[in-house]
Amino acid sequence: MIAIVDYNMGNVGSIRNMLRKIGAESVITSDIDEISRASKLILPGVGAFDNGMTHIKQMHLPDVLGEMVLGRGVPVLGICLGMQLITRRSEEGELPGLGWIQADTVRFKFDRQTENAKIPHMGWNVARPRRCDTLFKGLGDSEDAAFYFVHSYHVACDDESDVLAAATHGYEFTCAIEKGNILATQFHPEKSHRYGMQLLKNFVEMF
């Protein structure tokens, strides 16, 4: 069973609907016991970094999530804010993140050459995978494999090997990461039609 972690800041219903379309069983939950029994986790999120971390702490979720992901190696997929929350910190706020990967969340910074790029980065954009055997299986050769983005901050990894895919908005930025059982996308697969459906199907079938 896939647990979609509900901390009151995510498109949990849309994610569950997409999983249902591909025949995957899931539950929307913030219950610690239910989360601890899950075979996979999805950490969604929309909104501000500090608000997300505050909600997660108020629901007493950091310990169980950390034990599942870091202790037991349960596969997790972070989506949008969920991707940012697994980093150490964000320039958007002051609270520390979950710190599951060696990375920080930074604001888009444009120079004169990229001044036409707007914040937030909103709309469809092509993700360019560096590996096509995991989340992007079956998508790597599709030049039109665009996904839906809404964000003003992006993840900067310490280790380039953690970068699974990149996109360009003013400059190239990391739009997907993979480090062992930890995966994440800055874009919203649940809003990205058939390409997002394929990506979620790949996550379901991994491990």
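Every number here is computed from the coordinates shown, using simple stated rules; none is lab data. Note that the structure is predicted; figures quoted are calculated from it, not measured. Every residue, glycine as well, gets a Cβ built from its backbone with ideal geometry; the counts of neighbours run over all protein chains shown.
If each of Ser161 and Arg130 carries a label point 7 Å out from its Cα toward its Cβ, how far apart are those two points in nm?
Once both label points are built, they end up 1.1 nm from each other.
May I have the count of lysine pairs in segment 2-205 with C-alpha atoms under 25 Å apart, counting pairs 8 or more residues apart or located on different chains?
Count of close lysine pairs: 18.
Using each residue's phi in segment 130-138, evaluate 6.51 cos²θ - 1.76 cosθ + 1.60 at θ = phi - 60° and report the 3J(HN,Hα) Karplus result to the nearest Hz, with x for Gly and Pro.
These are the phi-based 3J(HN,Hα) values: 8, 9, 10, 10, 10, 4, 9, 4, x Hz.
Give, in whole angstrom and from largest to smallest, the semi-axes √(5λ) of the equivalent ellipsoid of segment 52-134, with λ running over the eigenvalues of the Cα gyration tensor.
In descending order the semi-axes read 28, 18, 11 Å.
Within 10 Å of each residue's Cβ, count the other Cβ atoms and sort Phe108, Phe149 from fewest upward.
Phe108, Phe149
Give me Tyr7, Tyr171, Tyr148 sorted ascending by neighbouring Cβ count inside 10 Å, so fewest comes first.
Tyr171, Tyr148, Tyr7
Short version: ³J(HN,Hα) in whole Hz for each residue of segment 170-184, in order, from phi by Karplus 6.51 cos²θ - 1.76 cosθ + 1.60 (θ = phi - 60°), x for Gly and Pro, what are they?
x, 8, 6, 9, 6, 10, 7, 10, 8, 9, x, 7, 9, 10, 6
Most exposed first by the Cβ proxy, i.e. fewest other Cβ within 10 Å, how do Thr87, Thr105, Thr174, Thr29 rank?
Starting with the residue having the fewest Cβ neighbours, the order is Thr29, Thr174, Thr105, Thr87.
So what is the 222 nm mean residue ellipticity for the chain from helices alone, if each DSSP H run of at least 4 adds -39500 (n - 2.57) and you divide by all residues, rounding to the nearest 500 deg cm²/dmol?
Roughly -6000 deg cm²/dmol at 222 nm, from the helical runs in the chain.
Would you mind giving the average projected area, over all directions, of the Cα convex hull of segment 2-205 in nm² with one decimal?
The number I arrive at for segment 2-205 is 10.4 nm².
Which loop-located GluC sites (Glu not before Pro) does segment 63-161 contain, where loop means any DSSP state but H, G, I, E or B and the Cβ has at most 11 other Cβ atoms within 10 Å?
The qualifying sites are Glu94, Glu115, Glu143.
I'd like to compare 79-86, 41-48: which one has the highest average count of other Cβ atoms within 10 Å, and what's the full order after that?
The densest-packed peptide leads the list: 79-86, 41-48.
Which whole-percent values make up P(r) of segment 129-198 when all C-alpha to C-alpha distances are grouped in 5 Å steps starting at zero?
Here the calculated profile for segment 129-198 is 4, 16, 29, 29, 18, 5, 0.
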